[in-house]
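Just below is one structure, and these are the notes that go with it.
Each value in this text was obtained by applying a stated rule to the coordinates, not by laboratory testing. Since the model is a prediction, treat every value here as computed from it, not as a measurement. Methodologically, a virtual Cβ is constructed for each residue, glycine included, from the backbone with ideal geometry; neighbour enumeration extends over all protein chains shown.
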Amino acid sequence: MAGNRTFTMIKPDAVKAGHIGNILQKINEGGFRIVAMKYTRLTPEAAGQFYAVHKERPFYQELVDFMSSGPIVAAILEKDNAVEDFRKLIGATNPAEAEPGTIRALYATSIGENAVHGADSDENAAIEGDFHFAKTERF
Ligand code: CMP
């Protein structure tokens, strides 16, 4: 059965470009409820740990440097079929391939600086949410 929670981050490129408000509006309009949210900055160590599954990829160091380069917004979101529906709302990893109207089509500039993160499975959504939020920070 599909779960009802996903995890997202508004990445440093979108924060820097002033898109937090527009992206949160798209998330609200997409029917997601905010369970937890924080404005924070990942240390290089935390970014490395968060993206440890990509450790062997050639872009790993670039990804860690970018994700720790400035503040992010981290959030847990709730909706039926959350993981899949959120991935539809954000569009393909490469913004050049993202459907028109998706968050990445609107706000991402490259495959690396792609404005938002969306968990790729229920299991990872839970792991990633736990990485950023205590139980007492969820409502
Ligand atoms: P995200 O959904 O956060 O999960 C892994 C991230 O790795 C992905 O978004 C991209 O930002 C990044 N990524 C994936 N492929 C590449 C690539 N070819 N070059 C640089 N970064 C990439």
*Convex hull over the Cα atoms of region 46-97, averaged projected area in nm²?*
4.8
*Which of the trypsin sites (Lys or Arg not before Pro) found in region 21-107 are loop residues per DSSP with 15 or fewer other Cβ atoms within 10 Å of their Cβ?*
Arg41, Lys55
*Which loop chymotrypsin sites (Phe, Trp or Tyr not before Pro) in region 1-66, with loop taken from DSSP, have no more than 14 other Cβ atoms within 10 angstrom of their Cβ?*
Phe59
_Between Asp65 and Glu97, what is the label-point separation in nm under the 7 Å Cα-to-beta-carbon projection?_
2.5
*State, in angstrom, two size descriptors of the chain derived from its alpha carbons: Rg to one decimal place and Dmax to the nearest whole number.*
13.8, 39
*Cα centroid separation, region 31-79 to region 121-139 (Å)*: 12
